[in-house]
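Participant: To start, I am sharing the structure in question, which I have written as structure tokens.
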Amino acid sequence: MKVIKSLNTSIKYGSRRSVYYYRVVRGITHGVQAYGIEVERVDYEGEDIVSIERDAVETISPHPHKVYELLNLLYSNIVSPIHLIDVIGEYVDEYVSDFN
């Protein structure tokens, strides 16, 4: 997988800070160039990392514009990696037909 685009944002909760990373990734699936999304949250207490959560859907569509739209949806709503599949699952199911 190669990272094609990355967005990040940070949220502070008292002494804890969470940094969210949203990435479009590109790879090859069954000989076809495919795009996916990776979401990562890194929690800091001061300067110390206290937790990392990460999830990805490596193959969503061969059409990058569809994946960029999903990336912007996730980024603008500050979606946690824990909820990645809940938010984009239906889109992923729909976009599987793009590979036909």
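Participant: Take the Cα coordinates of the stretch 18-100, assign each an equal point scatterer, and use the Debye formula without solvent to give log10 I(q)/I(0) at q = 0.12, 0.22 Å⁻¹.
Facilitator: Debye output, listed in q order: -0.36, -0.97.
Participant: Using a 1.4 Å probe on the protein heavy atoms, what percent of the accessible area of the chain belongs to carbon and sulfur?
Facilitator: C and S atoms contribute 47 percent here.
Participant: Per residue of the chain, what 222 nm ellipticity follows from adding -39500 (n - 2.57) for every DSSP H run with n ≥ 4, rounded to the nearest 500?
Facilitator: -8000 deg cm²/dmol
Participant: Given bins 10 angstrom wide, list per bin the percent of all Cα-Cα distances in the stretch 1-53, short to long.
Facilitator: All Cα pairs considered, the percentages come to 24, 38, 23, 12, 3.
Participant: Only Cα pairs under 8 Å and at least 6 apart count here; give the relative contact order of the chain as a rounded whole percent.
Facilitator: Answer for the chain is 23 percent.
Participant: Please compute the per residue accessible area over the chain with all protein chains in place, 1.4 Å probe, rounded to a whole number of Å².
Facilitator: Value returned for the chain: 59 Å² of accessible area per residue.
Participant: Chymotrypsin sites (Phe, Trp or Tyr not before Pro), restricted to the stretch 17-100: which are DSSP loop and have at most 10 other Cβ atoms within 10 Å?
Facilitator: Taking the stretch 17-100 and a limit of 10 other Cβ atoms within 10 Å, no loop chymotrypsin sites (Phe, Trp or Tyr not before Pro) are found.
The values are calculated or read from the model by the stated rules, or taken from the named source; none is laboratory data. None of these values were measured; they are calculated from a predicted model. Glycine also receives a Cβ, built like all others from the backbone with ideal geometry; neighbour counts cover every protein chain displayed. Areas reflect the complete protein model, heavy atoms only, side chains present, ligands, DNA and RNA absent. Shrake-Rupley method; radii C 1.70, N 1.55, O 1.52, S 1.80 Å.
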